[in-house]
Every structure is written in C-alpha cells, then in structure tokens.
1. At q = 0.08, 0.10, 0.12, 0.17 Å⁻¹, what is the base-10 log of I(q)/I(0) for segment 24-202 according to the Debye formula with one equal point scatterer per Cα and no solvent? Please give it to two decimals.
2. Could you tell me how far the Cα centroid of segment 188-214 sits from the Cα centroid of segment 240-277, in Å?
3. If packing is taken as the mean number of other Cβ atoms within 10 Å per residue, what is the order of 587-594, 48-55, 391-398, highest first?
4. When the Debye formula is applied to the Cα atoms of segment 108-250, each taken as the same point scatterer, what base-10 log of I(q)/I(0) results at q = 0.10, 0.11, 0.15, 0.22 Å⁻¹?
5. Given a Förster distance of 45 Å, report the FRET efficiency between residue 135 and residue 582 from their Cβ-Cβ distance, rounded to the nearest 0.05.
6. For each of 418, 507, count neighbouring Cβ atoms within 10 Å of the residue's Cβ, then give the residues from fewest to most.
7. Between segment 112-146 and segment 496-547, how far is it from one alpha carbon centroid to the other, in angstrom?
8. Sort the following peptides by mean Cβ neighbour count (other Cβ atoms within 10 Å, averaged over residues), highest first: 410-417, 127-134.
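Just so it is clear, none of the values below were taken in a lab; they were calculated from the coordinates. Treat the numbers as computed from the prediction; the structure is a model and nothing was measured. Cβ placement follows ideal geometry from the backbone for every residue including glycine, while neighbour counts extend to all protein chains displayed.
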C-alpha cells in the first residue's frame, strides 16, 4: 500500500501543477512564462462614472500578501488615495473568495496560497497633472494614485493592460509597449518605474518635435492652440538643454499637455515624460523649459534624501531649493539663451522674483533649506501667507543666479553654474549615485576654487538677506528698488491640489470681501478667462481700482461677483545694467546672458 499511495500522491502533484499552469495561462488572462509577476488591468468602462476598474494579478505567493496604496504621489502632500477605493475583494486561482483584513488606512492583508487576483474600483475626476481623471472627455492616470503595490516586491517586473477604451481614443505614455496575443501591454522593470510614467487616453493630437533619436513628441488634449505655439519653442528648449547637459538621458520623450481644459495649471516631471496643464498655450515655453530640465535636475541628479521612495509617509529633504529652484533658474536661462525671451524680459522676471521674496516677512527668519523641509505643509492654506513661509522655487531661483555669478567671478568667467550642473551629472547621475546636501557646496567649491562654507551657512542654511548689490555688481548689474501703488485682489489665491485656486487670507475691509467672496471659495475664472496660475504676475499688468469679474464655486453652486481691485504701496525691484562695466564685469554678464565662459561657448 505504501508504494501505491506514494505513486498516487505523485500523480496528484503533477496534475495539480498542470492545472495551476493552465489557470495562470487561461484563467488569469494574459500570463505567460515571460510575463510580469505583478499584472494589472485597468478598465475605463462607463467613464462618466469616474471609476477606474482595477484588477491586480499576483504570481504565486505564500500564505499571505500585503498590498498598499501610496499615501502620496506627484505632490509633496499626504493625500491618502486609499479613501477613493471601493469594493476591494480578492480570490485565489480556483475562484474562491479570500479573506482581506485592512491593517491601516492604506494597507490590506490578503490570506491565501498561490496566485491571487485582487479587484477594486477607484474614483478619480480631478484635473492633472498632479491628480488622475476619468470622465467623458478623457482619462489621465498618475499610476501611483491608482495601482496597489506589494511593499516587498516593488522591484518585480510589472505590466498594465488598458481595457474598454472608448472609440476614437488613443493611448500616450512613455512606458514600453509589448504586443502579446494581439493585446497591448505597458511594461516596467518594477513598480517605481511603472508609476513614473503617466498615461493620457483621449482623442488627443500628436506633434513630433524631434523625429530622429532621441525622439521627442508632444500629445495635446484640449483646444485653443496652434502647432507653432508647440513646435517652435519646444525645438529650441529641448535642443539647448540637451546640448547644455551633454546629451539626452532618454531614447524617447513625451510631453503630455492639457490645454484650456481646467482652471489652474502646473507641470509634473517624470523620468521620460512630463504632464503639463495650461490655461492657454501662451504660458507653454516657461513651464516646458522647467519640466524638461527636470530630466537631469531631480530625476537623475537626485538628492539622497528622496531615495528610496517611501510611499507611506513624508520624505523630508532640504534640497528642493536646488531641485526645484535652480531648475527655475535654468528655465529662465533657457528662454533667454534661445531667444524666446529678450534680456529685458529676463531682467524683469528676475527683478520680480527678488520683489516676491523681499515682500514676504518670513524671509527674515526662514531659510531656503527650511522651506524645502516644509514643502509638506503647503497643503495648509495658512502656510502660504507671506508671514509664515517663503517659496523654495522663488528663493532657489535667485540663489542659482547668485551662485552662477560667484563661480564666474572667482574663475574669471572660466567656470559657471553650467559646469556645476554638468559635474553633478557626471559624478552622480551617470554613476547611479545620489547626492547629499553637503555635495552641492563641495561641487560649487570645486568649480569656483573657493571655500564656500560661510556663504552656504548664511544664505542657504541661514536666512541672512542676500547681498544683491555686491554680487550683481560683479556681473555689471545693479538692483534698483522703488515703491509705488500696486493692485491686489484683497485675498490670497491659495493653490489647491484638486480645485485649482481657492480664496484664503481674505481681507474683510477690501472690495472683494464686500462683494461677497468668502474664505474657501473655489476660483474658476477672472474676467472670463481661467483664473491665472501666476496671480502676482497678472496683477503687475493691472492697476488698483480696476474693475474685475470673478467667477467662483461655493459648494455645488457657481456665482460671479464684480469688484474693484484693492491697492497698496509695494516695492518693486528691477535689474539694470551698469553703464560702464569693466572688462571682467562685461565678460561675466555676457556669460550669463549667452551661456558661455572664456573656455567654451554655445554655438
């Protein structure tokens, strides 16, 4: 009996293995021996209901699987995407329901051996680029806001299949495509790579910016734009920045634009793509230059404090002044050096940045490193008040220019901030390494040949007022400060992750409040156009006591009010050229304007 029982057990094991293989190949749809160990399908059925229908298939596991949904993605804000999940359920390869226990706000425990299938719906109808959206017009997915992951299996190959796509819609993403059994799959080496590639699905239009390798395309969802508004600036921007950094770190790059489709705007960088929302195509060059430069600065020249990514909690970093602020420096440099901006526009924009910083009382006590750490506080309306915060974008952009001048001055214009960026790229990005905060100072010292501990301590780690006149004079420039009356809304437009801008810090004595605006009202339109993303810039072009119409939403009701802009006395700063610069000052000034040094030049 023992030998016979042993033989029967052997036969049963063989049959069980065969059945498991058949189930993986048939019952689980598109699995093969070459397949990913974590597979997703995302259905767009009934897009007007705003639910993505997700199925997650997991290769054999042992007894239990823990899955999570990120608490943050795309913004430095804890947004707890799990609150959007509905109907989560799981089954094994035999189709039997499995026990699911929720461990915390974003974590589930699934009990069961072998291959597993998890299904759930997740609600999204918030405009990009920092959110996801599904409606009758299009689908936009930041996958980190939609897809569960297995914490200890994030490095396993993953793939996504998109189902029930409406007719006339196409798919745009930088993810690699694989055709399997006449089905298109989007594949990645792991979860982190997968969620670093947004997906646009709609009746968009595609424009080729660069045909040959590296290939660059732009896909546009929306209207009120012309091809020349896209092609001409992007060709200049991409060509210049790739040349500046010694080549492209990608084979193909995708710009995803949402134009005129929602209030507000912004851009989100990804490894081989960017997603950008614009009220109109007029603002495309500036934000595109910023996001494209992120290819290097932050996506590859990356602070150690942001690695490895922890999707469950805040990741504190002191380096956003460099990752974001100096990226803004290079956005301005790119527009200037390609001729999209004149030098007068460049000087005016830089002067405006100085004014913006100096008008914030918090600049007297909050360092730019502290502002970087506080990025996670930006979701709170009060934090945006000038008395409580400064912007690491704003101060970091100014720091980039000042540091550029210091390096050029110390080396007789033989080295520059450009050389510092290239050195960071060579030493860290191309070697797969991440920099520490101190490395920024050390590379700057290497480029300048000067010790900069005190300078970084005072102006980066500390909150000392910038010595504008001293440093700008080295480039044959000066800062002229004047005071005059400027227009204000009578409130502070607070950027919201989901609603564009909302009313905050409303002054009850000003016309806006008397006209009926309240704290928290969602700002939809200003004078018939989407509410501007750069309210300060819009106000510079308008006068106090000018009548404006503001459309807003309160709850589910939309209203419109008319009121006069308020006014107050404000300083303005303007960068001007010194009339009789020395040869060295002129060399540094031309170096900044043209992106050249004594040893090399942009051709």
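1. Debye curve over Cα of segment 24-202, log10 I(q)/I(0) at q = 0.08, 0.10, 0.12, 0.17 Å⁻¹: -0.22, -0.35, -0.52, -1.11.
2. 10
3. 391-398, 587-594, 48-55
4. -0.45, -0.54, -0.96, -1.54
5. 0.15
6. 507, 418
7. With segment 112-146 and segment 496-547 each reduced to a Cα centre, they are spaced 32 Å.
8. 127-134, 410-417
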